[in-house]
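Each value in this text was obtained by applying a stated rule to the coordinates, not by laboratory testing. All figures in this text were calculated on a predicted structure; none of them were measured in a lab. Neighbour counts are summed over all protein chains in view; Cβ atoms, including those assigned to glycine, are modelled from backbone coordinates with ideal geometry.
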Amino acid sequence: MSIQYIAEKGIFHLQTPNTSYIIALKHGLPMHVYYGKKIDSIEGVWQAVYNVSGVYSYDPEVDDMWFSSDGALLEYSVAGSTDKRICAFCAEFEDGSIYTRPVYKSHRIYNGKPKLSGLPATYVESDDEATTLEITLCDDRRELVLILRYTVFEVLDVITRGTDIVNLSENDINIKSAMSMSMDISGRDYDFVHLYGAWGKERNIQKNLLINGNVSIESTYGASGHYHSPFVALANKNVTESQGEVMGFCLVYSGNFYAGAEVNYFDMTRVSMGINPRGFSWRLGVGEAFVTPEVVMTYSREGLGSMSRTYHKLFRTRLMRGKYRTEHRPVLINNWEATYMDFNEQKIVDIATAAKELGVELMVLDDGWFGKRDNDRSSLGDWYVNKDKLPNGIKGLAQKVNDVDMKFGLWFEPEMISPDSELYRAHPDWCIQVEGMPKSLGRHQLILDLSRKDVCDYVKEFLTDTLSSANIAYIKWDMNRNFGEIANAEQPHRYMLGLYDICEYITEKIPDVLFEGCASGGGRFDAGMLYYFPQYWCSDDTDACERLRIQYGTSMIMPTVAVGSHVSAVPNHQCGRITPLDTRAYVAMCGTFGYELDISQMSDGEKVQTKKHIALFKDIQEIIHAGDLYRLRSPFDGEDSAVIYVAENRQRAVAVYVKMLAHANTIPTRLKFAGLDETANYVDKITGERYSGGVLVNIGITLRINNDFESKIFVFERID
Ligand code: GLA
């Protein structure tokens with residue numbers, strides 16, 4: 001049993017293979033005692049739960065002037081009394097006050113992990129994979145119940161958290177903050193590690209010092225967004241890829257979120273994460289429950305690399321679902337950068353035919369196939385084919401693509417509506433808007449109000465109709481604008497519930513279709529979307545050099561198999577850089593791997609090279625997509641970048657090294673590898689050179705690479 005309850009002391013001990021998490025009940029409140037390296041015996045831990053008096057006020061419900069909730073290390077924080085830090089829960093009651101004091105009532109420990117109603121979450125396939133603890137807190141005066149839920153995975157160092165709020169009273173309550181978790185840690189000796197970005201430069205790694213005050217990231221854009229990912233880690237100041245303590249917190253949610261670390265006057269650090277309270281409220285009716293999204297926590301003493309590998313494995317195996325969780329991802333070609341919206345049937349068939357000859361498996365038709373869509377000013381919502389471009393319809397085009405033995409995929413932007421569309425003219429009230437007020441446009445479009453059931457039903461219907469009308473094997477699900485004006489503070493979360501409901505419906509209805517998410521590139525690439533879409537277009541910036549940083553940052557949490565990555569033309573369309581075809585291919589191989597250029601216009605030499613790249617990728621795809629990732633050189637730290645993927649049995653590995661800018665008068669670099677078996681011998685299948693694992697890991701290979709954007713790939717195979 002990985003969760004123990006020591007009744008006489010009121011202590012819960014949660015254990016994963018290498019970590020312990022300890023909660024103690026005191027004054028009816030669950031106190032946070034410890035999250036860290038696994039402890040077998042916790043004899044004597046009780047003394048670690050001490051009372052501290054807050055500066056100005058004693059707790060009103062505890063007869064001990066040495067106790068104040070403002071100075072306590074709590075498991076879940078509730079606003080309204082003496083705890084003046086940022087609290088996870090806040091609600092306004094019938095009397096206008098926010099005071100409440102939910103205290104321990106009962107708990108339940110059981111095998112398995114419950115499904116979250118209406119929300120994405122990690123899962124188990126059999127009950128023996130995890131154990132769950134639910135601690136029920138009640139405020140009998142308010143008739144309010146909070147259920148703190150913890151699930152401990154049996155074979156991974158993962159604990160998930162979430163909170164349910166139940167209103168048992170006779171009156172509605174107005175929830176103002178319902179975060180999934182908070183956790184108070186003694187001390188503040190951590191860096192706040194997070195991922196920030198913008199369009200075309202997503203997920204840069206940033207490490208900030210904690211301050212006495214609050215450090216936080218958030219989204220208020222209606223989607224998790226380009227600017228911050230719903231993930232933070234608290235890490236030792238000198239944390240590296242392989243050493244140092246790190247606690248990761250990742251929210252399985254795709255809407256407005258908040259993640260913060262607040263340090264108080266006693267140097268206690270409160271980590272909180274969940275739906276962003278800013279701009280949020282929720283009327284919880286009599287007898288209703290509010291379920292918060294899940295937070296996935298992991299702890300490691302072996303640096304950021306170990307944290308990432310835990311997330312990768314969990315997300316690959318117990319967040320992603322469906323056939324493509326295990327099935328190989330087709331090498332695809334997308335026509336976007338090849339033609340933009342200027343194409344016809346013949347052009348797409350030509351690209352598909354040329355691509356097939358080189359080994360590509362799936363042809364994706366991007367934006368511009370429907371309504372009167374020749375630019376981004378119209379037609380979102382009019383999901384009927386433009387017969388001028390495609391006289392034989394989607395069915396006819398799909399057939400022609402299938403005839404050259406390629407699968408066919410199609411782009412949609414189901415959540416949007418153009419003001420210039422038949423749909424808008426028929427249903428002007430279907431978009432998110434404040435009645436009687438002006439509406440902001442983003443990329444000339446508005447957002448369908450998915451908080452409405454009738455609008456969701458319409459989206460389900462047109463998707464089902466189009467998908468059943470032709471042989472479509474793949475969908476790119478795009479979303480190209482953020483929220484502007486909202487009608488009420490419940491709308492953003494209701495929108496997410498509507499979107500998740502559509503995603504659940506459609507992925508269940510057509511389980512064999514591969515979905516790739518997209519939001520102007522990687523603007524909603526979060527764990528919530530991964531539950532429905534097992535791959536995600538990582539960024540609209542397709543330049544190989546820029547992608548090194550974007551993909552490196554993304555790999556903090558996201559498994560490589562989910563990272564949409566393509567070879568594109570040079571000069572690159574986003575930044576004009578000219579990089580060698582090898583480098584573009586190797587960088588794209590560190591993801592799902594595909595093409596986004598007019599392959600029919602390639603020179604014969606480029607075609608030969610491309611055919612080799614695709615054959616190589618098919619040979620090593622399994623290692624890259626299911627292997628363990630070790631980051632070797634950070635593109636954020638210098639002028640080169642390197643990663644290695646090691647198969648679980650350490651028989652094979654693939655490494656990619658890329659030089660960014662070269663400099664004069666430098667010496668060769670020695671690239672050390674990681675993750676390999678140091679007692680084994682390996683051969684590099686590319687060069688035929690043999691090395692011992694010990695040499696590769698500890699001494700490394702000397703690289704004489706000194707041209708801008710030059711790269712090298714290694715394919716190691718064990719030989720003893
Ligand atoms: C977004 C996507 C691109 C492409 C265009 C089409 O920007 O990120 O990949 O699909 O939309 O309009």
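Taking a point 7 Å from the Cα of Glu461 along the Cα-to-Cβ direction, the residues of segment 404-445 with backbone N closer than 19 Å to it are 413-418, 421-432. The fewest-to-most ranking of Ser186, Ser97 by surrounding Cβ atoms within 10 Å reads Ser97, Ser186. Coordinate range of the alpha-carbon atoms in segment 637-720 per principal axis, descending: 41, 23, 19 Å. The order of Ile447, Ile211, going from fewest to most other C-beta atoms within 10 Å of their C-beta, is Ile211, Ile447.
Which value, in debye to the nearest 20, describes the size of the charge dipole of the chain about its Cα centre when Lys and Arg Cβ atoms bear +1, Asp and Glu Cβ atoms bear -1, and nothing else is charged?
On the way: 74 positive and 97 negative charges, 285 e Å.
With only Lys, Arg, Asp and Glu charged at Cβ, the dipole is about 1360 debye.
Please report, to two decimal places, log10 I(q)/I(0) for segment 171-223 at q = 0.22, 0.30 Å⁻¹ as given by the Debye formula with identical point scatterers on the Cα atoms and no solvent. Relative scattering, expressed as log10 I(q)/I(0), comes to -1.08, -1.28. Residue farthest toward the positive end of the dipole of the chain, with Cβ of Lys/Arg at +1 and Asp/Glu at -1: which of Val459, Ala642, Val271? Sorting the options by dipole projection puts first Ala642.
Restricting the calculation to Cα atoms, segment 330-437 yields a radius of gyration followed by a Dmax of 15.8, 56 Å. Calculated FRET efficiency, Ser126 to Gln47, Cβ-Cβ distance, R0 = 41 Å: about 0.60 to the nearest 0.05.
Were the residues from Asn344 through Ser440 laid out at 0.36 nm apart, the gain over their Cα-Cα distance would be 31.3 nm.
Scan segment 46-122 for chymotrypsin sites (Phe, Trp or Tyr not before Pro) in coil per DSSP, keeping those whose Cβ has at most 16 other Cβ atoms within 10 Å, and list them by number. Intermediate values should be presented prior to the final figure.
Values: sites: Trp46, Tyr50, Tyr56, Tyr58, Trp66, Phe67, Tyr76, Phe89, Phe93, Tyr99, Tyr104, Tyr110; in loops: Tyr50, Tyr56, Tyr58, Trp66, Phe67, Tyr76, Phe93, Tyr99.
Of the chymotrypsin sites (Phe, Trp or Tyr not before Pro), the ones in loops of segment 46-122 whose Cβ has at most 16 other Cβ atoms within 10 Å are Tyr50, Tyr56, Trp66, Tyr99.
Each 10 Å bin, from zero up to the one with the longest distance, holds this percent of the alpha carbon pairs of segment 666-709: 28, 49, 21, 2. Segment 309-351 has equivalent-ellipsoid semi-axes of 35, 12, 8 Å, by the square roots of 5 times the alpha carbon gyration tensor eigenvalues, sorted largest first. The simple spin-label model puts a point 7 Å past each Cα toward its Cβ; for Lys372 and Gln243 those points are separated by 6.6 nm.
Given N residues in segment 529-629, what is Rg(Cα) / (2.2 N^0.38 Å)? Present the calculation step by step, with values, prior to reporting the outcome.
Details: Rg = 13.4 Å, N = 101, 2.2 N^0.38 = 12.7 Å.
In units of the 2.2 N^0.38 Å rule of thumb, it is 1.06.
Considering only alpha-carbon pairs that sit under 8 angstrom and 6 or more positions apart, the relative contact order computed for the chain is 10 percent.
Taking GluC sites (Glu not before Pro) as exposed when DSSP calls them loop and at most 12 other C-beta atoms lie within 10 angstrom, the chain has its longest site-free stretch at 486-647.
Looking at segment 200-359, I'd like the Rg to Rh ratio, where Rg is from alpha-carbon atoms and Rh is Kirkwood's inverse mean 1/r. Could you put the intermediate results ahead of the total?
Working: Rg = 21.5 Å, Rh = 19.5 Å.
When Rh is taken as the Kirkwood radius, the ratio is 1.10.
Quick one: compute a quarter of the convex hull surface over the Cα atoms of segment 580-720 and quote it in nm². Intermediate results must be reported in sequence, preceding the final value.
Numbers: hull surface 36.2 nm².
One quarter of the hull surface, i.e. the mean projection, equals 9.0 nm².
For n ≥ 4 DSSP H runs only, could you compute -39500 (n - 2.57) per run for the chain, divide by its residues and tell me the 222 nm figure to the nearest 500?
Numbers: 12 runs with 138 residues, N = 720.
That comes out to -6000 deg cm²/dmol.
Here Lys395 and Asp63 are evaluated by their C-beta separation; at R0 = 60 Å the FRET efficiency comes out at 0.20.
How large is the convex hull of the Cα atoms of the chain per residue, expressed in Å³ as a whole number?
Values: hull volume 118.3 nm³, N = 720.
About 164 Å³ per residue, rounded to a whole number.
Positive end of the dipole of the chain (Cβ unit charges, origin at the Cα centre): among Ser97, Thr317, Ala680, the Cα lying farthest that way belongs to Ala680.
Quick one: pull the percentage of alpha-carbon pairs in segment 176-273 with a separation above 18 Å.
45 percent
This ranking places Val695, Val158, Val385 by how few other beta-carbon atoms lie within 10 Å of each, fewest first, which gives Val695, Val385, Val158.
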